Amino acid sequence: MSLQQPLIRSKNERLELSVSYIAKGVTLGVLPTSIEFVDPRYGKNAPVVTVEGHLQLEQGVSFIINKAEFGMGRSVQNDLFIDSGKVSRSHIKLLTCSDESYALRDLGSANGTAIDGRKLAKDEECRLGSSGEIQLAGVFHIRFNDSGATDVTPESLTIYGITLSHTDRHISMQGAANNEDIRLSNSEYQFLKLLMEAYPEPVSHRDLCFAIWGWEPDSVEDEKRVRDALFNIVKRLRERMEMIDPNHEYIETVRKWGDREGGYRFNQQ
């Protein structure tokens with residue numbers, strides 16, 4: 001994906017970022033030469049947190065990037081510095097593409113990157129839509145807004161007659177005479193969405209945990225709690241989907257595959 005130097009989009013069309021979540025004990029800093037604060041008063045009052053001159057960021061602060069490549073990670077060499085051991089030294093990079101859209105590239109991060117709950121593969125590059133949220137290692141979330149982008153995100157996803165609506169988390173079955181009015185909770189929606197997007201491949205407990213809650217288990221105790229929580233979500237989902245199709249179980253338990261310790265898969269009819 002080629003880059004465009006210099007950045008020629010107008011201020012109103014550049015990528016705007018807004019800090020939406022910071023885990024307890026994590027410090028953020030941004031280089032003032034790499035961005036422009038939406039509220040210029042914040043930049044004048046923000047404390048400096050690194051020798052390199054990063055200004056501290058707080059939850060809710062918004063800014064516009066003014067570089068064709070904008071790096072985030074634990075190293076102070078990044079444009080956005082994240083002081084957390086769970087974040088890789090060079091975690092992600094935001095890129096300005098030749099068509100003036102934006103992309104995100106995972107830089108082989110150890111604890112993962114997700115966009116709107118979908119975990120990226122290591123070194124994966126993903127084109128950004130008009131808006132959404134980026135999650136890093138479960139400790140830092142930042143929303144993005146590109147007013148110049150054309151949002152082509154589909155309103156629904158359909159596999160084997162089951163339709164999942166992204167707008168209201170409603171599920172239905174195509175061709176059913178009397179579809180029940182079933183709307184999923186956010187955790188149920190994220191779970192089913194990930195399974196349907198991954199079909200026919202299974203999805204691990206770890207990836208489901210990241211998609212639903214924005215973090216990954218890092219101990220045996222955490223892994224057990226995750227499996228128990230996912231089991232409860234699956235139980236509710238199966239009950240809801242049985243209401244629209246009692247003749248088929250759409251969520252299959254996968255005990256183990258490859259080096260994975262188990263998960264779930266969308267099960268075709």
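Count of the range 191-244 residues, restricted to those that are open to solvent by 60 Å² or more (accessible area, probe 1.4 Å) and without any contact (Cβ under 8 Å) to a residue 60 or more places away in the chain, is 16. Scanning the range 105-138 for residues that are part of a strand (DSSP E or B), within 23 Å of Leu195 (Cβ to Cβ) and of a type in the set (A, V, I, L, M, F, W, C) returns Ala114, Ile115, Cys126, Ile134.
Listed conditions (1) without any contact (Cβ under 8 Å) to a residue 24 or more places away in the chain; (2) open to solvent by less than 10 Å² (accessible area, probe 1.4 Å); (3) not polar (S, T, N, Q) are all met by Gly117, apart from (1).
Okay, residues lined up against (1) touching a Pro at 6+ places or on another chain (Cβ under 6 Å); (2) under 18 Å from Ile159 (Cβ atoms); (3) modelled with pLDDT of 90 or more:
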residue	(1), (2), (3)
Asp228	no, no, yes
Arg236	no, no, yes
Glu239	no, no, yes
Ile244	no, yes, no
Ile251	no, yes, yes
Gly258	no, no, no
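For the range 203-212, the condition of being within 20 Å of the chain's Cα centre (by Cα) and among the hydroxyl-bearing types (Ser, Thr, Tyr) holds for at least one residue. Among the residues examined, Gln77 qualifies as under 26 Å from Trp215 (Cβ atoms) and outside any strand (DSSP E or B).
Picking from residues in the range 27-49 that are touching a residue at least 40 places away in the same chain (Cβ under 8 Å) and part of a strand (DSSP E or B), the one that is most open to solvent (accessible area, probe 1.4 Å) is Thr27. The set of residues in the range 120-133 being closer than 21 Å to Ser204 by Cβ and open to solvent by less than 20 Å² (accessible area, probe 1.4 Å) consists of Leu120 alone.
Selection within the range 80-104: residues that are part of a loop (DSSP other than H, G, I, E, B) and basic (Lys, Arg). The member of this set that is surrounded by the fewest Cβ atoms within 10 Å (Cβ to Cβ) is Arg89. Restricting the range 50-65 to residues that are aliphatic (A, V, I, L, M) and within 16 Å of Val19 (Cα to Cα), the residue that is surrounded by the fewest Cβ atoms within 10 Å (Cβ to Cβ) is Ile64. When the range 253-264 is limited to residues that are of a type in the set (D, E, K, R) and in contact (Cβ under 8 Å) with a residue 40 or more places away in the chain, the one that is surrounded by the most Cβ atoms within 10 Å (Cβ to Cβ) turns out to be Arg260. Ala68 satisfies every condition listed in (1) more than 21 Å from Leu208 (Cα to Cα); (2) open to solvent by 60 Å² or more (accessible area, probe 1.4 Å); (3) at pLDDT below 95 except (2).
The values are calculated or read from the model by the stated rules, or taken from the named source; none is laboratory data. Keep in mind it's a predicted model, so treat the numbers as computed, not measured. So basically every Cβ, Gly included, is an ideal-geometry build from the backbone, and we count neighbours across all protein chains shown. Ligands, DNA and RNA are excluded from the accessible area calculation, which covers all protein heavy atoms including side chains. Shrake-Rupley method; radii C 1.70, N 1.55, O 1.52, S 1.80 Å.
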